[in-house]
1. Hey, with R₀ at 35 Å, roughly what FRET efficiency would Leu6 and Val68 work out to, going by the Cβ-Cβ distance, to 0.05?
2. Write down Rg/Rh for the range 7-228, rounded to two decimals, with Rg from the C-alpha atoms and Rh from the Kirkwood relation over Cα pairs.
3. When the chain is fully extended, how far beyond the present Cα-Cα distance does His109 get from Phe190, taking 0.36 nm per residue of separation?
4. Please arrange Ile168, Ile214 by counting, for each residue, the other beta carbons lying within 10 Å of its beta carbon, fewest first.
5. Once you have the Cα-Cα distance between Asn197 and Leu33, take 0.36 nm times their residue separation minus that, and quote the gain in nm to one decimal.
6. May I ask you to list the GluC sites (Glu not before Pro) in the range 36-119 that are in a DSSP loop and have at most 16 other Cβ atoms within 10 Å of their Cβ?
7. Among Tyr152, Tyr171, what is the fewest-to-most ranking by other Cβ atoms within 10 Å?
8. Taking amide H atoms as placed 1.01 Å from N in the peptide plane, list the residues 5 or more away in sequence, or in a different chain, whose amide H sits under 5 Å from that of Leu82.
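Laboratory data are not the source of any read-out in this text; all were calculated from the coordinates shown. Because the structure is a prediction, the values reported are computed rather than measured. Glycine gets a Cβ as well: all are built from the backbone with ideal geometry, and neighbour counts include every protein chain shown.
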Amino acid sequence: MPFIPLHDTTPRYLLARPWTTWALIAVSTLAFLYQVADGDEAFVRLVYGLGVIPATLTGSAELSPLLVMADPLVTLLSYQFLHGGFMHLAGNMLYLWVFGDNVEDAMGHARFLLFYLVCGAAAALAQVAADPGNVTPLIGASGAVSGVLGAYLILHPKSRVLVPIVFIPVYLPAWLLLIFWFGFQFFAAFGGPAADNVGWWAHIGGFIAGAVLIFAFRYRAVPLFGLRDPPGGVTLRRGAVWRSRGDRRGPWE
C-alpha cells in the first residue's frame, strides 16, 4: 500500500450508522475465517472455485470439475469476499473502514451495497481485459474498495486524512493521497514481474468505476467536489442531517 489511512475529517450527515460498511467488513472477515478453518487444501479449493479466473471467464480455459463451485459470472461477486492472507484482508478493510462510511452516507445503505458490488465486478472485468488468458485466480475486496476511493475523491477531495509518515501522524488532503494512490497503481501495473501477483488493473478499473458511478448512485442533492452546503443555503454543522425535521424523507427518497 502506498499509504496507510487512519482517519478522515469528513463527518456523516445523513446516516447515524454506516451499517452496510460495517456489514461488508464483518462478512469479509467471516469469509476469511471460513477460508482458513479447514486447512490449506480447502483454502485453495475456495480460491479456485470462487475466485475470478480470467481464462475461464473468457472461455480460453476450463477449470477442473473438482474445483468448480460457481458459474464464472457468479465469481465476479464471490471473489470480492475472499482474501489471500490476513494482511490482505486487514489492508482492504482498513481502507473500507476509513472511506466507506462517507460514500455510504452519500447514497444510503442499499445503494451503497449495490455500488460496492458493481465496482468490484467492474474491477475484475478490467483485470480480465488486461490479461484474458491468465489462469491465476483473482480474489480480494481491493477492486470494490478502489471504487469507494474513486467515489470519495469525487465527493470529498478537500477532506483531510490522517496518515503516518515515518511514524509521525500527519493530516494530508484527500485529493493528494488518492491521486497519488491512483498513480501508484499505474506505476505498479507496468512494473514488470513483480506486478504479476497483484491485480493492479483491477484497482485501476475499480477506481475509475467508482469515480464515474458516484454521479448516478449518490442522492441528487448531495454536493460533489467538496461543496458541503446543501440545497437552500442552510449551513451545516458537524453531525447535522441534510433534511428537514418535518419531512423524514427530505430530498433523499
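1. 0.30
2. So for the range 7-228, dividing Rg by the Kirkwood Rh gives 0.98.
3. So the chain would gain 25.5 nm between His109 and Phe190.
4. Final ranking by Cβ density, sparse to dense: Ile168, Ile214.
5. Working it through step by step, the gained length comes to 56.8 nm.
6. Here the GluC sites (Glu not before Pro) that fit, given the DSSP loop and packing criteria, are Glu62.
7. Details: Tyr152 28, Tyr171 14.
Ordered by Cβ neighbours within 10 Å, fewest first: Tyr171, Tyr152.
8. Gly140
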